[in-house]
Amino acid sequence: MIKYLRYKLNLKIFFYFILIIFTMTISSIIIGYRVVIKTIEHEIHNKLTDSISAYSEEIKFIEDKCLTIARYLSSEDEIKELLFNREYDRLEKKLRAYYTMKILDIIEIESPDGKVIMRGHNPEAAGDTKIQQTIIQTGLSGKSIVSYEKGRSGFAIRAVAPISYRGKIIGLIMAGSRFSKDFVKQIQSLTSINNGIYRDHDKIISTYTGYKRLDDTTVEKLKTRETVFIDNAILNGEESYLILKPLFSADGTYWGALAMSISEKSENKYLTYYRKLLSTMIILGVLLSLILYFFLARNINKSLHTIIDGLDGFSLNDFSTRINLKGNDEFNRIAESFNKLAKKLQIYNTKILKLQEDMVQSAKLATAGQLAAGFAHEIRNPLSSIKMMAQMARSYLKDGKGEKEIGIILNEIERINNIVKELIEFAKPSAMHFQEKNVNEIIVEVLRLFQYRIEHQGIKVETNLMDSLPRISVDPEKMKVCIINLTVNAIQAMPTGGILSVSTTFKDEHILLKICDTGIGISEENLKNIFEPFFTTKKEGTGLGLPLVKVIIERHQGKITVESGKGETCFTITLPINRTDTDIII
């Protein structure tokens, strides 16, 4: 049987040998050169396309950086006070300090009439008027904006943010980065490609010579947001490939273009190299094909060795072992059967590891609950005595002396008592009292509690509560605790304002409650820990708020998930319509 198998395989090898000699070699000679030319042109196009995209991303990054810094500085209380009180010397020192950090090329403050009060990057050049610039007019209207403008410092990315004080705009902060020779040289050093920037038709800066002006046809294409590729541009005295990507001002009008170029000598260099390589490969291919037949038979033994090595390499500690054989012969069928078995074992192993992980998590929660219960009970008794003694001491006070201090003590005792209540609730959850409720009513009640704080922080509330939301069996007080915790977290994440959105929907026999904020977000490394007991990133947090929410939701036989990214953090609570009567205590 083995002799027959080897004979069959050797016959296949001989057939493919003839095919290689008389078909592949001749085909390579005919089409190889054309393929090389097309490949090089395609690679150059791809390289320029990728590079101009990276260039555009760098411009976008600089825009975001300038706008972020402008907004940050415009909101600084110290800058507002100094500008309002006209303490220009101190204000100039502060701007100079930011400029010397080398984060920006341009930093300055304009008055409400558009006049430059001072420049951190060039103090002695202050005094010119910029009221005609679009970004200045937009900034004076109370909006932050980033665009491209020309000033004493030349063409630059400039961002403007209004400085408001006591409800009135008292000036503008401008942060910017110049389109300078150093800027395009830095891009060249990062990409090894010549680049430049055009304003409308005319080139303003570049690392190459020539092509000083774009023709009208090219500009019209750029105005339609089309990326333009030019094959025969004369740059540095030689034919080059040039790619242009349009830039648009903040108002959406065409401003200019980014440019990157590669000399056609690169194509000729690669073409020469590939021509030699192709010729060498063809010659070697003919020579190697003559002896290939005598060595291809070794593939039989190689296949056997591959299967044996795969079996030997398989272990219960590593399920990733696979046997890789190409073709559709007997060896390949054996390899496929082994790979299917290994894949099934890997799936089962993953499920076992997940069960182990869940068991460890349950053990951690149980341990945390025992510790919390012990601490809570040990603290609560002496805390009650302290509170009673403080109240008695306050009754002995005369002429109001010490009243403030005793009040502080009682307030702090009450705060500690609330933390102890959280510990006890987490460690030993109280009985559930289920009632038929509309979740929307609980949400509205909670938002009403925080109305003053929300308005005080300049937070915008967006609600999308489903009108026909069905009533479900919940513990209203405990659900209220959950929504309060998530709302407080969202408010704390937006100290300078943002959007708090709350929505409810009904899907697949479940109610979905989503609470989102546009605050500081949660880092990826913290996302997996936020429901862990005692894990917190807040200075005064106990780390029990979200774990308690998770326990309450799970006692409702629901689940809670969180997503954070792209400027938004969302908690989603899923509650079943048909809850069983079992009270799950975790």
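Looking at 163, 145, 117, which is the one that is modelled with pLDDT of 90 or more, of a type in the set (A, V, I, L, M, F, W, C) and farther than 27 Å from residue 204 by Cβ? Break it down stepwise before answering.
Numbers: 145 fails: farther than 27 Å from residue 204 by Cβ; 117 fails: modelled with pLDDT of 90 or more.
Matching residue, one of 163, 145, 117: 163.
When residue 71 is evaluated against the numbered criteria (1) among the charged types (D, E, K, R); (2) at pLDDT below 90; (3) crowded, with 16+ Cβ neighbours inside 10 Å, which criterion, by number, is the only one it fails?
Here residue 71 meets the rest and fails (2).
Any residue at all in segment 517-540 that's buried (at least 16 other Cβ atoms within 10 Å of the Cβ), assigned to a strand (DSSP E or B) and modelled with pLDDT of 85 or more?
Yes, because at least one residue in segment 517-540 is buried (at least 16 other Cβ atoms within 10 Å of the Cβ), assigned to a strand (DSSP E or B) and modelled with pLDDT of 85 or more.
Restricting attention to segment 479-492, does a residue exist that is small (Gly, Ala, Ser), surrounded by 14 or more Cβ atoms within 10 Å (Cβ to Cβ) and within 23 Å of the chain's Cα centre (by Cα)?
So in segment 479-492, the residues small (Gly, Ala, Ser) come out as 490.
If we keep only those that are surrounded by 14 or more Cβ atoms within 10 Å (Cβ to Cβ) as well, we get 490.
Okay, now just the ones that are also within 23 Å of the chain's Cα centre (by Cα), so 490.
The answer is yes; a qualifying residue exists.
For residues that are assigned to a helix (DSSP H, G or I) and in contact with a helix residue (DSSP H, G or I) (Cβ under 9 Å, 6 or more places away or on another chain), tally how many sit in segment 77-88. Give the derivation first.
Here is the first cut: in segment 77-88, the residues assigned to a helix (DSSP H, G or I) are 77-84, 88.
Imposing the further condition that a residue be in contact with a helix residue (DSSP H, G or I) (Cβ under 9 Å, 6 or more places away or on another chain) reduces the set to 78-80, 82-83, 88.
So the count comes out to 6.
Let's see how each residue does on (1) within 24 Å of residue 440 (Cβ to Cβ); (2) at pLDDT 90 or above:
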site: 545; (1), (2): yes, no
site: 558; (1), (2): yes, yes
site: 561; (1), (2): yes, yes
site: 564; (1), (2): no, no
site: 567; (1), (2): no, no
site: 573; (1), (2): yes, yes
site: 586; (1), (2): no, no
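Buried (at least 22 other Cβ atoms within 10 Å of the Cβ) and of a type in the set (D, E, K, R), is that true of residue 152?
Numbers: buried (at least 22 other Cβ atoms within 10 Å of the Cβ): no; of a type in the set (D, E, K, R): yes.
Considered against the rule, which asks whether it is buried (at least 22 other Cβ atoms within 10 Å of the Cβ) and of a type in the set (D, E, K, R), residue 152 comes out as no.
Could you go through segment 175-185 and let me know if any residue there is among the aromatic types (Phe, Trp, Tyr) and more than 33 Å from the chain's Cα centre (by Cα). Show your work before the answer.
Going through segment 175-185, the residues among the aromatic types (Phe, Trp, Tyr) turn out to be 179, 183.
Imposing the further condition that a residue be more than 33 Å from the chain's Cα centre (by Cα) reduces the set to none.
Within segment 175-185 (the criterion being among the aromatic types (Phe, Trp, Tyr) and more than 33 Å from the chain's Cα centre (by Cα)), the answer is no, since none of the residues qualifies.
Kindly establish whether residue 462 is in contact with a Leu (Cβ under 8 Å, 6 or more places away or on another chain), at pLDDT below 90 and acidic (Asp, Glu).
On the way: in contact with a Leu (Cβ under 8 Å, 6 or more places away or on another chain): yes; at pLDDT below 90: no; acidic (Asp, Glu): yes.
So residue 462 fails the test.
Would you be able to say whether some residue in segment 473-484 is closer than 30 Å to residue 75 by Cα and either in the same structural domain as residue 531 (by TED's automatic domain parsing) or in a helix (DSSP H, G or I) (or both)?
Residues of segment 473-484 closer than 30 Å to residue 75 by Cα: 484.
From what's left, either in the same structural domain as residue 531 (by TED's automatic domain parsing) or in a helix (DSSP H, G or I) (or both): 484.
Yes: one or more hits.
Any chance segment 437-458 includes a residue that's buried (at least 18 other Cβ atoms within 10 Å of the Cβ), in contact (Cβ under 8 Å) with a residue 60 or more places away in the chain and not in a helix (DSSP H, G or I)? Give the derivation first.
First, pick out the residues of segment 437-458 that are buried (at least 18 other Cβ atoms within 10 Å of the Cβ): 439-440, 442-443, 446, 450, 454.
After this cut, where a residue has to be in contact (Cβ under 8 Å) with a residue 60 or more places away in the chain as well, the list is 439-440, 443.
Filter again for not in a helix (DSSP H, G or I), leaving none.
No, there is no match, as no residue in segment 437-458 is buried (at least 18 other Cβ atoms within 10 Å of the Cβ), in contact (Cβ under 8 Å) with a residue 60 or more places away in the chain and not in a helix (DSSP H, G or I).
Among the candidates 278, 284, 258, single out the residue that is assigned to a helix (DSSP H, G or I), at pLDDT 70 or above and among the aliphatic types (A, V, I, L, M).
Values: 278 fails: at pLDDT 70 or above; 258 fails: assigned to a helix (DSSP H, G or I).
None of the others qualify; the one that does is 284.
Going by what's in this entry, would residue 209 be described as in contact (Cβ under 8 Å) with a residue 40 or more places away in the chain, polar (S, T, N, Q) and outside any strand (DSSP E or B)?
Details: in contact (Cβ under 8 Å) with a residue 40 or more places away in the chain: no; polar (S, T, N, Q): yes; outside any strand (DSSP E or B): yes.
Against the criterion (in contact (Cβ under 8 Å) with a residue 40 or more places away in the chain, polar (S, T, N, Q) and outside any strand (DSSP E or B)), residue 209 does not qualify.
List every residue pair whose Cβ atoms sit under 6 Å apart, with the two residues 6 or more apart in sequence or on different chains, where the first one lies in segment 545-563 and is closer than 16 Å to residue 528 by Cβ and the second, anywhere, is among the aliphatic types (A, V, I, L, M).
546/530; 550/560; 560/553; 560/573
The values are calculated or read from the model by the stated rules, or taken from the named source; none is laboratory data. The shown structure was predicted, so the numbers you read here are calculated from the model rather than taken from an experiment. Heads up, the Cβs are rebuilt from the backbone with ideal geometry, glycines too, and the neighbour counts pull from every protein chain shown.
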